[in-house]
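Have a look at the structure below, then the notes.
Every number in this text was worked out from the coordinates using simple rules, so none of it is lab data. These numbers were taken from a predicted model, which means no experiment stands behind them. FYI the Cβ positions are ideal-geometry reconstructions off the backbone, even for glycines, and counts take in every protein chain you see.
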Amino acid sequence: MLVIIPIFAGLLACMPEYVPLGNPERARIDEDMSGMWFVADYESEELIGQFVFLEPWDKRTWLVSNVAIGDIFSTDPSTYDEFVDLFGHPELDVEDFGLGLLQYKGWLVKLGGETFMTWELRTLFDNTDQLLEPWFWYDLRVTERTPDRMVLHLIDPDFPPLKEAPAERRAWEKVVKKHADNEELYYEDEVVLERVKEDDLELFVELLSHALLGSLD
């Protein structure tokens, strides 16, 4: 059985209620955001690393794959380079690691002068593989983006104006547009993504492939 631990593991466990922002049928992806990203500075007693793959599905949306790598060797790589070096160790094999995989449909929307990304959970791989109807979303503000780095902040659904608003897209968009620059709209913790280096792409593709194949065993 695969270990399912996404970026926002604790939030998924308690199931906060989100409303998807934007319309995926009218969205447009930013090609410069596509590709493989390493989740930097991620602290977990159960993980040694995570990465996110933004793969264009069409001109409007991405297939977002979030792979989590379980820590079964009590290793603790603290940087991207240490993580890559670990998997390059001659005594270790990708198959030695527990891998978890969640896949989302992702799209962008501009609100209040800010860029937001919605992740809609579509596929959950565990010991009873299932293709899900949409039942969970994450709404994220893209607070920083360079060619090799992105910073994301998750909207806090307990932000009072959101809790008071109807649980529908246009009502949430109205609140987010008005409060887009209000730090209280977001959880304090940030998710930092570093672009996977071209020389390391083969490794990350292997990890993603193993996670996909393992989920189908």
Residues H179, H153, H89 in order from fewest to most other beta-carbon atoms within 10 Å are H89, H179, H153
If the chain between E190 and E168 were fully extended at 0.36 nm per residue, the gain over the current Cα-Cα distance would be 5.4 nm
Long-range amide H partners of G98, meaning residues 5 or more apart or on another chain whose placed amide H is closer than 5 Å, are G70, I72
Taking placed amide H atoms and a strict 5 Å upper bound, the residues 5 or more places from T61 or on another chain that come that close are I29
